[in-house]
Amino acid sequence: MKLGIQTMPSKEKHSTTARTGGLRSPAKPSRAEPKHTRPVRPVGVRTPIQPLIQTGTIEALAFVKSLIRDVPDFPKPGVVFKDITTLLASPRAFHIVLDGLAERFIGEHIDAIVGIEARGFIFGGALAARLNASFVPARKPGKLPAAVDQVSYETEYSSATLEMHKDSLREEGRVLVVDDVLATGGTAWAAAELVRKQRAYVIGYAFVVELGFLGGRERLLPIRVESILAY
Ligand code: AMP
């Protein structure tokens, strides 16, 4: 058997700890060690959201407002459409909106959120997760597969019908109705009627945008109405 001095693997040979036996704090890094010790973030991996703007401030709301796009004459002449897709493109703005709505209803023991198709699904679904509530979709006719309740109503620019699965709410359950925009209030009222058909209680309405000049709030009173931005 050949006896001899065992040599270290080349990597350890150059490391400071190996040289000092770990007893002394390392002096200058050797040439072999990388200068930057921070891990490199792989392309396409996003860090968790750390809002630089606090969510409850006037600045935060001004930031959200700046991201809502006005589209004149859509879907018909005379209507200024409040487009929230530009808001959703900003995770920070979405976060501010959800925080703002969640904190207003956090102590209300909400059993279920009824989100109105389609944009009410976006905010309602995320809010349901935050408030630990069920999410129940109120949909346009013919979309839900099982037996439904149905309510018809008038909107700012058309007449329409909403449907909800029968038995999707607990009797006497506490329900929050969520949509992106409150205009005349017809849509939210129809969703509330669907809730009442199932003998549950609407304890509030939550919107991102309220078009105050169309009087939706008055139509929904005396039930609590909350919105992040009023025009
Ligand atoms: P209303 O029933 O009149 O309160 O209308 C509310 C519904 O219509 C919501 O689902 C909104 O998404 C949509 N809506 C009405 N007016 C507007 C508007 N000016 N901009 C964007 N969405 C609107």
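How far apart, in nm, are two points set 7 Å out from the Cα along the Cα-to-Cβ line at residue 171 and at residue 132?
In this crude spin-label approximation the distance works out to 2.6 nm.
Report, by chain and number, residues whose modeled amide H sits under 5 Å from the one on residue 133, excluding near sequence neighbours (fewer than 5 apart, same chain).
For residue 133, no residues qualify.
Take each of the peptides 55-68, 120-133, average the number of other beta-carbon atoms within 10 Å over its residues, and list them starting from the highest.
120-133, 55-68
Grab the other residues whose beta carbon is less than 9 angstrom from that of residue 139, score K and R as +1, D and E as -1, and report the net.
0
Using the Cα centre as the reference, give the magnitude of the dipole from point charges on the C-beta atoms of the range 109-230 (Lys, Arg: +1; Asp, Glu: -1; all else neutral), rounded to the nearest 20 debye.
Charge dipole, the range 109-230, about its Cα centre: 200 debye, nearest 20.
At 7 Å along the Cα-to-beta-carbon direction for both residue 57 and residue 118, put a label point, then send me their distance in nm to one decimal.
Simple spin-label model gives 3.6 nm for this pair.
Can you give the accessible area of residue 152 in Å² (nearest 10), computed on protein heavy atoms with a 1.4 Å probe?
Roll a 1.4 Å probe over it and residue 152 shows about 80 Å².
State in Å² the accessible area per residue of the range 109-230; use a 1.4 Å probe, count heavy atoms of protein chains only, and round to the nearest integer.
44
Using amide H atoms built 1.01 Å from N in the peptide plane, name the residues 5+ places from residue 79, or on other chains, whose amide H lies under 5 Å from its own.
Residues meeting the criterion, in which the H sits 1.01 Å from N, are 73, 74.
What is the set of long-range amide H partners of residue 184 at a cut-off below 5 Å, with H atoms built 1.01 Å from backbone N?
Hits under the 5 Å cutoff: 156.
Can you send over the carbon and sulfur percentage of the accessible area for the range 109-230, probe radius 1.4 Å, protein chains only?
Details: 2540 of 5350 Å².
In the range 109-230, the share of accessible area belonging to carbon and sulfur is 48 percent.
Multiply the residue gap between residue 71 and residue 86 by 0.36 nm, knock off their C-alpha separation, and tell me the result in nm, one decimal place.
Contour length minus Cα-Cα distance gives 4.3 nm.
Quick one: what are the phi-derived ³J(HN,Hα) couplings along the range 91-99, Karplus 6.51/-1.76/1.60 with θ = phi - 60°, whole Hz, x for glycine and proline?
x, 5, 5, 4, 4, 4, 4, 5, 4
The values are calculated or read from the model by the stated rules, or taken from the named source; none is laboratory data. These figures come from a predicted structure and were not determined experimentally. Note that we place each Cβ from the backbone using ideal geometry, even for glycine, and neighbour counts take in every protein chain shown. Remember, those area values only see protein heavy atoms, side chains included, never the ligands or the DNA or RNA. Shrake-Rupley method; radii C 1.70, N 1.55, O 1.52, S 1.80 Å.
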